[in-house]
Amino acid sequence: MTDRPLKIMYLNPVGTSGYDHVFAEMARQHKLPQTEVHIASLPPSTGGFTHIEFRSYEAIVTRGIVRAARAAAKEGFDALAIGCFYDTALHDAREVSGDMVVTAPCVASCEIAASLSNRFGVIVGRRKWVHQMHSTVREHGHEHRLSGFYHVELGVDDFQKDHAETERRLIAAGRKAVEEEFAEALILGCTLEVGFYRDVEKALGVPVIDPSIAALKRAEYAAVLKHDCGWKPSRRWSSEAPPEEEIARFGGFDDGEIFGNRIVVPAEPLQPARRAA
């Protein structure tokens, strides 16, 4: 393990900071002691969205995500997690991330669920989301493990309003997935479903993956592998990055405000190694 803190950014890809404290608390509870986590959101100039449920909203914030990934790489972050289950701009951000690893909630959650079960279901907020998320799961190579998507008709901004009602709906949808369609694990298909996985897991008796935690831990794991094994993003063939001189000529990548709010969850002080007696 490295003798310096691992440095992770969890990017909340919206132009408001309203939920940053929720993800900061998640990071405090789940990060490794030696990890420093920055919870960052995009500036209001990105659009001021509180969610990106719609493809048109995604299109507007994609530029902000790409710019943020490039800036985080230049700041020396080991890994970055894009905090939306659509995995918005994942491939675009990876292209300009240099040696920094980029991950996102859907791909991270599917990897974890596949390691714990042969068949999993995804509990999403609205039926609207299913088509796009199904395409994302398929792209990541996990469609054959999918029991289905189960919507609870809550929007992103609804999950944290009434925790008892949210939990009731998640458990009801999860029970249908497990008992009627034989899901062996569940994924909560929105990062604002954060904080519910333990109670849903207890009620249903199967692993329940919180995607915000999954994205953070997958980024952290990538940072460990980068330091311990030297595994960094490829820059060959389809992973080729745009030429720096061309980026400089075109402009638009590095100018202006890139981040809005930022909360830093510090690493714990490193303890000196004990000498053997």
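For the range 180-198, a tally of residues being farther than 14 Å from residue 25 by Cα and in a loop (DSSP other than H, G, I, E, B) returns 5. Residues that are within 29 Å of residue 4 (Cα to Cα), open to solvent by less than 70 Å² (accessible area, probe 1.4 Å), at pLDDT 95 or above and part of a loop (DSSP other than H, G, I, E, B) do not occur anywhere in the range 216-229.
Here is a yes/no grid of residues against (1) under 15 Å from the mean Cα position of the chain (by Cα); (2) modelled with pLDDT of 95 or more; (3) at negative phi:
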{"site": "21", "(1), (2), (3)": "no, yes, yes"}
{"site": "27", "(1), (2), (3)": "yes, yes, yes"}
{"site": "39", "(1), (2), (3)": "yes, yes, yes"}
{"site": "46", "(1), (2), (3)": "no, no, yes"}
{"site": "68", "(1), (2), (3)": "yes, yes, yes"}
{"site": "79", "(1), (2), (3)": "yes, yes, yes"}
{"site": "87", "(1), (2), (3)": "yes, yes, no"}
{"site": "93", "(1), (2), (3)": "yes, yes, yes"}
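Which count do you get for residues in the range 1-35 that are part of a loop (DSSP other than H, G, I, E, B) and small (Gly, Ala, Ser)? Break it down stepwise before answering.
Of the residues in the range 1-35, the ones part of a loop (DSSP other than H, G, I, E, B) are 1-5, 13-19, 31-34.
Going one step further and asking which of them are small (Gly, Ala, Ser), we end up with 15, 17-18.
Number of matching residues: 3.
Within the span defined as the range 22-43, every residue fails to be farther than 15 Å from residue 262 by Cα and small (Gly, Ala, Ser).
Do any helices (runs of 4 or more DSSP H) lying entirely in the range 95-175 carry at least 2 residues that are among the hydroxyl-bearing types (Ser, Thr, Tyr) and modelled with pLDDT of 95 or more, and which ones are they?
Values: elements: 105-116, 130-139, 163-175.
Because the criterion is at least 2 residues that are among the hydroxyl-bearing types (Ser, Thr, Tyr) and modelled with pLDDT of 95 or more, the helices (runs of 4 or more DSSP H) in the range 95-175 that meet it are 105-116, 130-139.
State whether one or more residues within the range 251-267 are in a helix (DSSP H, G or I), over 29 Å from residue 5 (Cα atoms) and out of contact with any Cys (no Cβ under 8 Å at 6 or more places or on another chain). No, there is no match, as no residue in the range 251-267 is in a helix (DSSP H, G or I), over 29 Å from residue 5 (Cα atoms) and out of contact with any Cys (no Cβ under 8 Å at 6 or more places or on another chain).
Here the condition is being more than 18 Å from residue 112 (Cα to Cα), modelled with pLDDT of 95 or more and open to solvent by less than 70 Å² (accessible area, probe 1.4 Å); of 233, 211, it holds for 233 alone. Of all residues in the range 233-249, those satisfying the criterion of being closer than 23 Å to residue 76 by Cβ and either in contact with a helix residue (DSSP H, G or I) (Cβ under 6 Å, 6 or more places away or on another chain) or not charged (D, E, K, R) (or both) are 233, 234, 239, 241, 242, 243, 247, 248.
The values are calculated or read from the model by the stated rules, or taken from the named source; none is laboratory data. Since this is a predicted model, take the numbers as computed values, not measurements. No Cβ is skipped: glycine too gets one built from the backbone with ideal geometry, and neighbour counts run over all protein chains shown. Accessible surface is based on the protein model in full, side chains and every heavy atom, while ligands, DNA and RNA are left aside. Shrake-Rupley method; radii C 1.70, N 1.55, O 1.52, S 1.80 Å.
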